[in-house]
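Peer 1: Below you will find the structure I want to go over with you.
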Amino acid sequence: MATVLLVEDDAHVRQALLRELRALGHAVSSAGRALDALREVAAGGPEVVVLDLGLPDLDGGEALKMMRAVSDVPVIVATARDGEQEIIRLLGSGADDYLTKPFSAVHLHARIEAVLRRTRTAPRNEALVVGDLRVDADRREASLAGTPLQLSRREFDLLAHLARHAGRVVRRQELLAEVWRQPHGDDQTIDVHLSWLRRKLGESAARPRYLHTVRGVGVMLMAPE
């Protein structure tokens, strides 16, 4: 189980989730304001943060960006905002997952476990090299032609999985299962992260160099010819 920081300004919701998550075995602390949560994150306390966006002192999206400046702790955003652009923005700001309100404590528990399975995965010792691309899973570092790549946690996990299977088409279902740890999901999530990866690799879907999409099947990472 995990050490969870629950950031929620509604006292009734906060107390209910605290009680139920503790009953499920988690060690849970809570904050009703963004600045209190930021102090706890900076101190290195939680293993995962559940972040409500509607906070009284600071918008949760801004709080997420500030958390990312001081920590790589996994963050699950809890939001009533279910618009596509908003979700894409949150993922781009560093969220590891999101839940649309209302949700049950059991559902949140499952998402916490899924996030922790990804972040607690044992690292591989040997760096993976594909052309000028180097992926060091042990150090969680990637570089292209010797230049470090600034990748989010999910971008790195996606790139590392593709690099482990370089030269073969990795199906979308496999990416959802192995990178997102979800049996089902939205293909758009994969497409968004692939788009961000392509940008950082200096390519585009129209002019791929490393990441090649096989329509209706999946994605293959291979060295440029």
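The values are calculated or read from the model by the stated rules, or taken from the named source; none is laboratory data. Note that the structure is predicted; figures quoted are calculated from it, not measured. As a convention, Cβ positions derive from the backbone with ideal geometry for all residues, glycine included, and neighbour counts pool all protein chains shown. Heavy atoms of the whole protein, side chains included, go into the accessibility calculation; ligands, DNA and RNA do not. Shrake-Rupley method; radii C 1.70, N 1.55, O 1.52, S 1.80 Å.
Peer 1: Here's a check for you: in the range 196-225, which residue that is assigned to a strand (DSSP E or B) and of a type outside the set (A, V, I, L, M) is modelled with the highest pLDDT? Break it down into steps so the answer makes sense when it comes.
Peer 2: So the first thing to find is which residues in the range 196-225 are assigned to a strand (DSSP E or B), and the list is 211-214, 218-221.
Going one step further and asking which of them are of a type outside the set (A, V, I, L, M), we end up with 212-213, 218.
Numbers: HIS212: 94, THR213: 91, GLY218: 90.
Among those residues, the one meeting the criterion is HIS212.
Peer 1: While we're here: Within the range 10-68, how many residues turn out to be in a strand (DSSP E or B) and among the aliphatic types (A, V, I, L, M)?
Peer 2: Number of matching residues: 7.
Peer 1: Now, a different point. What tally of residues in the range 55-68 results from selecting those that are open to solvent by 40 Å² or more (accessible area, probe 1.4 Å) and closer than 22 Å to ALA114 by Cβ?
Peer 2: Within the range 55-68, residues that are open to solvent by 40 Å² or more (accessible area, probe 1.4 Å) and closer than 22 Å to ALA114 by Cβ number 1.
Peer 1: Can ARG153 be described as open to solvent by 50 Å² or more (accessible area, probe 1.4 Å), modelled with pLDDT under 90 and among the basic types (Lys, Arg)?
Peer 2: Criteria met by ARG153.
Peer 1: Another question, then. Select from the range 69-114 the residues that are assigned to a helix (DSSP H, G or I), in contact (Cβ under 8 Å) with a residue 60 or more places away in the chain and open to solvent by 80 Å² or more (accessible area, probe 1.4 Å) and write down the one among them that is nearest to GLN188 (Cα to Cα).
Peer 2: Per the criteria, the residue is GLU84.
Peer 1: Residues ASP136, ASP132: which one is charged (D, E, K, R) and open to solvent by less than 90 Å² (accessible area, probe 1.4 Å)?
Peer 2: On the way: ASP132 fails: open to solvent by less than 90 Å² (accessible area, probe 1.4 Å).
The conditions single out ASP136.
Peer 1: Of everything in the range 139-149 that's open to solvent by 40 Å² or more (accessible area, probe 1.4 Å) and out of contact with any helix residue (DSSP H, G or I) (no Cβ under 7 Å at 6 or more places or on another chain), which residue is nearest to GLU225 (Cα to Cα)?
Peer 2: Of everything passing the filter in the range 139-149, ALA145 is nearest to GLU225 (Cα to Cα).
Residue by residue, here is whether (1) open to solvent by 20 Å² or more (accessible area, probe 1.4 Å); (2) touching an Asp or Glu at 6+ places or on another chain (Cβ under 7 Å); (3) under 17 Å from ASP96 (Cβ atoms) holds:
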| position | (1), (2), (3) |
| --- | --- |
| ALA160 | no, no, yes |
| GLY167 | yes, no, no |
| GLN173 | yes, no, no |
| ARG209 | yes, yes, no |
| GLY216 | yes, no, no |
| GLU225 | yes, no, no |
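Peer 1: Among the residues of the range 176-195, write down those that are at pLDDT 90 or above and buried (at least 18 other Cβ atoms within 10 Å of the Cβ).
Peer 2: HIS193, LEU194
Peer 1: Right, next: Taking the condition of being on the phi < 0 side of the Ramachandran plot, out of contact with any strand residue (DSSP E or B) (no Cβ under 8 Å at 6 or more places or on another chain) and not hydrophobic (A, V, I, L, M, F, W, C), how many residues in the range 37-53 meet it?
Peer 2: Final tally of qualifying residues: 1.
Peer 1: Can you tell me how many residues in the range 132-158 are free of Cβ contacts under 8 Å to residues at least 60 places away in the same chain and not in a loop (DSSP other than H, G, I, E, B)?
Peer 2: Matching residues across the range 132-158 total 13.
Peer 1: Ok, one more. Tally the residues that are surrounded by 13 or more Cβ atoms within 10 Å (Cβ to Cβ), small (Gly, Ala, Ser) and at pLDDT below 90, restricting the search to the range 1-48.
Peer 2: Counting residues in the range 1-48 that are surrounded by 13 or more Cβ atoms within 10 Å (Cβ to Cβ), small (Gly, Ala, Ser) and at pLDDT below 90 gives 3.
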